[in-house]
Each structure stands twice: as C-alpha cells, then as structure tokens.
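The values are calculated or read from the model by the stated rules, or taken from the named source; none is laboratory data. Everything numeric here is computed off the predicted structure, so don't read it as measured data. Cβ sites come from the backbone with ideal geometry, for glycine too, and all protein chains shown count toward neighbours. Just so you know, the surface numbers come from the protein's heavy atoms only, side chains and all, with ligands and any DNA or RNA stripped out. Shrake-Rupley method; radii C 1.70, N 1.55, O 1.52, S 1.80 Å.
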Amino acid sequence: MKAAIFVEPGKMAVKEIDKPKIEKSTDAVIRILRACVCGSDLWWFRGISKREAGSTVGHEAIGIVEEIGDDVTAVHPGDFVIAPFTHGCGKCAACRAGFDGSCEERIENTNGGYQGEYLRFEHANWALVKIPGKPEDYTDAQLNNFLTLADVMATGYHAAASAEVKQGDTTVVIGDGAVGLCGVIGARLRGASRIILMSHHEDRAKLGREFGATDIVSERGEDAVKKVMELTNGNGADSVLECVGATSAIEQAGQVARAGAVVGRVGVPQTEPSSNTLFWKNIGLRGGIASVTTYDKDILLDAVLKGEINPGKVFTKRFDLDHIQEAYEAMDKREAIKSLIIVADK
Ligand SMILES: [Zn+2]
Ligand SMILES: [Zn+2]
C-alpha cells in the first residue's frame, strides 16, 4: 500500500509499505478515503521538533472499516467512520469524565499513519465515530465537514468548552489558523453573542465572519489589546480562546480577558507563560488535548449532519496522496488554510 513518509525537514515522499494488520483484539484496520495536513505537522516539517526519518505521518482521516479485532463490537467491516487523532479507551477515569484526549491507556502510535491507504487504529471500539450511511450518500462539502471532526473542529470546540463559553458571552478568539476558525464555530455553538476574532489575513478573516465572528481585530500586540478593550467598552472578554500556543498569545489572552474570565487554550505550548498576571484578575487557564470522540458523539456530528456548521471550508486546497509534498508546502507557505488529501474516491 502507499503511504506518506517523512524523509527530512522540508521533504516528504510516498512509499510502498506493508499494509497494517490487526495486532490487538481492540484494533481496527481502516481504509482511508480522505486525510489532511495539520498545523501541528508543520513543527516537524519545519525541523523545529524532531521526527524519525522514514516514519509514517498524519493524524486526521475518514474512511471505511476494513477489519476488526475480536473485542470490537461497536463498528463492523464496511462502516463509514471518523478516525480521531485521539484514541480514548472509553473506560478510564479521564475518558469517563469526558477527557478522552487525556486517556490513561496510552497507545503505541500517537501520531502517524493516517496519510496513507490503510491505518491500524487502536481502541477502535470506543474511539471511532460511526457516520450513518455510506460516503456516496454525501456531498464533497459534507465529506470535508466529517474530516474536520477527526481533529480541527473538535479542537476548536475544546477551546470554547475549556473557556466555558456560555450563552450571551463576549468571546475573543486568538489565532486565525484552521483551529482558531473552528474555535469561532465552537463559541457560536455554545451561544456566544459577540465573537471577536484576532486575524491578520483577509481570507481567514472572511471565513471567520462566515463562521460567526462579529468583529475582526487586525492589529497586533498592544494595539490589538487596546482595540478589544475599545470594542468591549473597557470591560474585556467573558471568555478567551487561545489557539496559537505561543507564550505571548497566552499573555495576550490574559490582557483581553475581564476579571474572572477563563482562557481556554489548545495551542500546543512551547514554553509556559507566567501565570502571575492571571492571578491579579482572577483569570482561569485550562485546556489541553481535545476530547475528540466525546464532542463528536455528543454535539459535532449531529451539527454537521443537520447542516448547522460547515467547518470543512477550512480546506482551501486539495491534493492526492502522490502530491503530499505540495500539500505540506501549501500550508508551510500559508497558501492554504488547511490542505486536504484525497486518498481514495470511495
Ligand atoms: Zn492535528
Ligand atoms: Zn481512556
């Protein structure tokens, strides 16, 4: 089978590798239809974080269940599924509390293999999310909506849930990448009445408005903080979504939040910010790896099926697996908000 492989920073390849097999009774093998490149993949693509040369890559996909282990009863061969990047067991304390992104039953392969023709998926019984019907029942746009439920839409929603966004909130979203844009959708789903998106790019701001942002702040640094304070009559935001991960973004989140607000963060932190500034305003800081399966099953799949949300619009360029290099480069050069990879037509 064909799979995308990391060669060295800046260089991807497609190679012929062995098709994965069931190794544990809780595994499933998935035939991948669509996959995509994540903003977090750029860390190793750019050589900022380390990755083993020759490793398989990708952690977001939709596909068809091909084979299941003996203990898998919730899905069957032929089922159409979302393959989340998280692999919640559904049984441990973290999963039961709704934090399957922090599942205590760690899996062997946490980030790789989704950008290929077949994937061995661990904890298949609980973590996979079944989509009703067959891929042929859906439009191209709907298939892209499902694909975002493997990571980016669930992660954006997690930022809003972590920030405790509630009905009538004024919410600030920091970060206009695919996750930040999905954070706008998450805040809207939770009832925020005013959503201020920090965005420096015209195309992203436009999509942000379409997703539910009521105001765009294009200023940077202190000017951006000043602008948010102006827009909120000097009060600051009730909730803040931090979708970047840089220390400066978390500090900025604290500056635009009103006293007692909660900052929900999903950007993978590179260094920890000083939390002392948060102390003086009684600001809460929480977040982490998204509860992908929990949100998909409880809220997001339903919202997509009903046509209430269209997060698949974050895919602004599409490629086939043979053009994996171009798919990464388009994101690296910011020519695409998110790159879609068509692995198989059906
Ligand atoms: Zn991702
Ligand atoms: Zn678990």
**Request:** May I ask you to list pairs of residues, at least six apart or on different chains, whose Cβ atoms are under 7 Å apart, with the first in the stretch 209-233 being without any contact (Cβ under 8 Å) to a residue 24 or more places away in the chain and within 20 Å of Ala160 (Cα to Cα) and the second being surrounded by 13 or more Cβ atoms within 10 Å (Cβ to Cβ) and among the polar types (S, T, N, Q)?
**Result:** Ile216/Ser199
**Prompt:** Arg286 versus (1) closer than 16 Å to Ala161 by Cβ; (2) of a type in the set (D, E, K, R); (3) out of contact with any helix residue (DSSP H, G or I) (no Cβ under 6 Å at 6 or more places or on another chain): which is the lone unmet condition?
**Reply:** (3)
**Message:** Looking only at the stretch 1-32, filter to residues that are open to solvent by less than 60 Å² (accessible area, probe 1.4 Å) and in contact with a Lys or Arg (Cβ under 7 Å, 6 or more places away or on another chain); which one of those is nearest to ligand 2 (Cβ to nearest atom)?
**Reply:** Asp27
**Fill in**
When restricted to Val263, Val268, Val228, Val244, the only residue crowded, with 19+ Cβ neighbours inside 10 Å and touching a Ser or Thr at 6+ places or on another chain (Cβ under 9 Å) is Val263
**Message:** Please go through the stretch 306-346 and give me each residue that is among the small types (Gly, Ala, Ser) and closer than 25 Å to Tyr138 by Cα, ordered by number.
**Reply:** Gly307, Gly312, Ala327, Ala336, Ser339, Ala344
**Request:** For Val179, work out the one condition from (1) in a loop (DSSP other than H, G, I, E, B); (2) open to solvent by 10 Å² or more (accessible area, probe 1.4 Å); (3) at pLDDT 95 or above it doesn't fulfil.
**Result:** (1)
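What about Ala213, is it open to solvent by less than 20 Å² (accessible area, probe 1.4 Å), at pLDDT 95 or above and more than 21 Å from the chain's Cα centre (by Cα)?
no
Tell me the residue from Cys89, Cys95 that is assigned to a loop (DSSP other than H, G, I, E, B), more than 16 Å from ligand 1 (Cβ to nearest atom), open to solvent by less than 60 Å² (accessible area, probe 1.4 Å) and under 22 Å from Gly287 (Cα atoms), please.
Cys89
It is to be established whether one or more residues within the stretch 189-202 are open to solvent by 20 Å² or more (accessible area, probe 1.4 Å) and without any contact (Cβ under 8 Å) to a residue 24 or more places away in the chain.
Yes, that holds for at least one residue.
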**Complete:** Within the stretch 103-144, the count of residues that are more than 16 Å from ligand 1 (Cβ to nearest atom) and either part of a helix (DSSP H, G or I) or out of contact with any strand residue (DSSP E or B) (no Cβ under 7 Å at 6 or more places or on another chain) (or both) comes to 20
**Checklist (1) free of Cβ contacts under 8 Å to residues at least 24 places away in the same chain; (2) touching a Lys or Arg at 6+ places or on another chain (Cβ under 9 Å) applied to Val314, failing item** = (1)
**Asked** Tell me, which strands (runs of 3 or more DSSP E) lie completely within the stretch 235-310 with 1 or more residues that are β-branched (Val, Ile, Thr)?
**Response** 237-242, 257-265
